[in-house]
1. Does the stretch A:143-160 include one or more residues that are polar (S, T, N, Q) and closer than 23 Å to B:ALA84 by Cβ?
2. Of all helices (runs of 4 or more DSSP H) completely enclosed by the stretch A:403-486, which ones contain at least 2 residues that are within 30 Å of A:GLY652 (Cα to Cα) and under 22 Å from the mean Cα position of the chain (by Cα)?
3. Filter the stretch A:383-417 down to the residues that are touching a Cys at 6+ places or on another chain (Cβ under 8 Å) and crowded, with 21+ Cβ neighbours inside 10 Å, then identify the one that is modelled with the lowest pLDDT.
4. Going by the structure shown, is A:GLU171 within 14 Å of chain B (Cβ to nearest Cβ), among the acidic types (Asp, Glu), in contact (Cβ under 8 Å) with a residue 40 or more places away in the chain and part of a loop (DSSP other than H, G, I, E, B)?
5. Could you grab me the full set of residues in the stretch A:428-450 that are over 29 Å from A:ILE714 (Cβ atoms), surrounded by fewer than 24 Cβ atoms within 10 Å (Cβ to Cβ) and at pLDDT below 90?
6. Taking into account only those residues within the stretch A:269-314 that are within 19 Å of A:GLU204 (Cβ to Cβ) and touching a strand residue (DSSP E or B) at 6+ places or on another chain (Cβ under 9 Å), which is surrounded by the fewest Cβ atoms within 10 Å (Cβ to Cβ)?
7. If we keep just the residues of the stretch B:81-105 that are away from chain A (no Cβ under 13 Å) and small (Gly, Ala, Ser), which is farthest from B:PRO36 (Cα to Cα)?
8. Can you spot a residue in the stretch A:517-529 that is out of contact with any helix residue (DSSP H, G or I) (no Cβ under 6 Å at 6 or more places or on another chain) and more than 22 Å from A:ARG289 (Cβ to Cβ)?
Amino acid sequence: MSVPELVTVSVDGREVQVPKGTGLVETALAAGIEIPVFCYEPRLGPAIGACRMCLVEVEGMPPKPQAACTLTAQDGMVVKTALTSQLARNAQNATLEFILVNHPLDCPVCDKGGECPLQDLTFRFGPGRTRMTFPKRTFDKPIPISPTISLDRERCILCYRCTRFSESVAEDGELVAVNRGAQSMIATFEDEPYRGRFSGNVTELCPVGALLPTTYRFEARPWEIQTVPTVCGLCPVGCNVNVTTREGKVKRVLSRNHPDVDGGWICDKGRFAFGHLGARDRIVDPLRRQRRRGLQPAGWDEAVDEAERLLRAAQGRIVTALSGSETVEQAYGLAKLMRTGLGAHTAVLPEEISDAVDGFRLPLSAIAGAELIVVVGDDPVEERAPIVDLWLRAARRNGAEVVTTGVGGGAKACRQLAGEDDELGRRLRESDRPVLIWSGSGGAGGAHVAACAERLGFGSKPDSGVFYLPLTPNGRGVVEAWSAASDDEGPDPDPIGLLFVSGDEAASDPSVRSLAERADAVIATTMFQGSAVGWADLVLPGTSYLERDGTFVNLEGRLQRLRRAVVPPTPDELAWISQLAGRFGVEVSPYPSVVFGELSERIFGGLPYGEVGERAALRGREPTGELRAPAPAATPKGRGLRLVRYRPLFSGAAVERVPELAFQRPAAEVQLSPQDARRLRIKAGDEVDVRSNGTSRRLRARIDKGLVAGVARIADEHAEELQATVEVARA
Amino acid sequence: MPQPLDTVKGFGVTFKQIFKKPITQEYPEVKRPVYPRFRGRHRLWRFENGLEKCVGCSLCAAACPADCIRVVAAENTPDNRISAGERYARIYEINMSRCIFCGYCELACPFDAITLGNEYEISEYARDDQIYTKDMLLAPPIKRTPVADAELYDTPIPYYKEHA
């Protein structure tokens, strides 16, 4: 990129040099002067100058106040803000007086009170008292525009931040301004809830208390809260978040802008799913199966004794099933206990991880600047890693082309792309900034897509990148930690003496459950009773990502620091892993910092724990050896449509326990390609029967233009027992 | 060198006091009226229609330099209307053993819901009993504290204190 031309601007007599085209608000900030704003937010696209708060006087322009947010720095510009210009001061004062004409004096009951830009700016720039003597405009309030967001139209100042977010960031278009002029108001379509995946962001954008999260309603005031910077542990993106706590409880989750990872947006799952911490069936005491009485609470001493007994009785015939939501330290501690202490090297890893993609590593934000993006795979990107979908939308707005391919057979599509005569492959070769994203199952941890990138010549282009969207939040870190614990291998035990299940995701995995049927005993670590009842002999309480200290590795391979926001109701995993390891002569520290120090030597290049950082940096590209794509899994043959299952974003043990998110759960739908729908004479919204070998599900049809013919896509929780090939017919 | 005369003089001062009127008062039986602006135990107020004035905004807790007020708010519902605003204080506690009776809470209160009364006899045998709950604060004080006539002083009574 060329170096941008610098221009000199005078703001209140202070000369600053900024790149040409910088917004005047930023220019003033560079001069150390604040221009107050409500509607201005560069992340929402071009400024619209709706609130008129940023009025300044600019010499040489018409002798009336100018909206600073809509102007850019030009050479020789002389700007006077309210600090030096009476004109600007009067204008801002009048703007605030106008805004406050209809703004109710709700501050004592408003959740925004204390962290409200309108309050702050009124104190600093506004009139001290009101001249308004007429009754203010009133509306019904609060209006729940979705179970998670409430709207208070009286407080709204019509800055249009929320509608601009809905229109040009999330692109769902569900939140709009209706009517005109003074009658304008924010609304959703005909009382439909705001169903977007990123809807919660509008509550953070709103500069007044008009849009507020219902989960935070009257929960705390800004001076009573603590803020803990951590990362979200619900999907592999690892958005940086600030967790607000009060009196030892999580009250809300806010984004903590990491420009390379999330750009300051988080999805509704990350924002609202924290309610699962206080779920009714949360396990707080160890549970032990007792004859005829089922699982009974046990003390910790008894539970660790019992765990030791079970581990010894298995004589090394142990299988460990990991969830991919453990911290790196927990996974390493557990691996050390199992592998060095007990010689049990067999594990059901959360997913396959290949380090081949590390050779094409880029920050997620690079997607927005890409030229051509090819998404390979079955799963909708927003279901797997929602923020990546926002980056894709940003790329599309920036003029990039986004192509989805390989639905129903990603590996085959990769091979085809890398071929000599493929049109899309040729364009990827020619592009300067191509990006490949694997979003689906069976990607061999990214090996397919990395091999494809290698053959397309991505290696020589520093702006090209490959992303593999894993299924689990910390699958990468867990797999790395497990393999770092020992170099030995062992035979798979048969029969299995003990199955050790770590985490709720592993506990609800059908393949793990089927292993349990072959195991003599099962130890499960779960947060919720629902995941453990009926099959575990000993249940040790688990903790959530908000209750742990440690590190996570996100899909880019970025090591990020997780901080304990609240103290869990039970000792965390590392505490009892450490105790248990001690009984088998293995030393595992109960402190994540110490465990990380040990592990860092081996896999993170000796990075100290304290330097993982609040805004973690991305490691550079790591050269990979000769890349060879593994053989693609055989695609099932048979009549009918191939069933593609995907795990929806709003599913899983945590989301199921949050009643506010119930409306976001996936509908009982089957997605069909337009061609298949036409062939089967199915229209969108029809009730259809999906059949395979004796099982049948009645679902609603949805036509998805992104699907290829011959594929039916159903969310995991609705597909249930359906086989790989299904027949779809109108009911 | 002994000075017998000085000793007698000294006792003279002592004996003179016997015939004077004592200025001490027998405290528990006799209570001195407090200064009208005296700041004692807090009181939470209701409107005449029975709704609480407090909306649970926590501004008193924010203003409190001793951090002795704890407010947990909740939402009013049509069948359970506690206060006049959207929210009410579900829990309102003042730790009297921490309170320094500075009166910042009544200054901060936007609804004149809390005022400091005149009662100062708030000793207890247990620290836990020093934590006053909302019910205790809403109830009028059990003991009456005599208050001096405001007319005797030329300092004005603040508006928020008039009804206390």
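1. Yes; the residues of the stretch A:143-160 include at least one that is polar (S, T, N, Q) and closer than 23 Å to B:ALA84 by Cβ.
2. Result: A:475-484.
3. So, considering only residues that are touching a Cys at 6+ places or on another chain (Cβ under 8 Å) and crowded, with 21+ Cβ neighbours inside 10 Å, the one modelled with the lowest pLDDT is A:GLY406.
4. Details: within 14 Å of chain B (Cβ to nearest Cβ): no; among the acidic types (Asp, Glu): yes; in contact (Cβ under 8 Å) with a residue 40 or more places away in the chain: yes; part of a loop (DSSP other than H, G, I, E, B): yes.
So A:GLU171 fails the test.
5. Those that are over 29 Å from A:ILE714 (Cβ atoms), surrounded by fewer than 24 Cβ atoms within 10 Å (Cβ to Cβ) and at pLDDT below 90: A:ARG429, A:GLU430, A:SER431, A:ASP432.
6. A:GLY275
7. Pass one, the stretch B:81-105, residues away from chain A (no Cβ under 13 Å): B:81, B:92, B:94-105.
Still in the running and small (Gly, Ala, Ser): B:97, B:103.
Details: B:SER97: 23, B:GLY103: 14 Å.
Only one residue tops the list, namely B:SER97.
8. no
The values are calculated or read from the model by the stated rules, or taken from the named source; none is laboratory data. Because the structure is a prediction, the values reported are computed rather than measured. Positions of Cβ are backbone-derived with ideal geometry, glycine not excepted, and every protein chain shown enters the neighbour counts.
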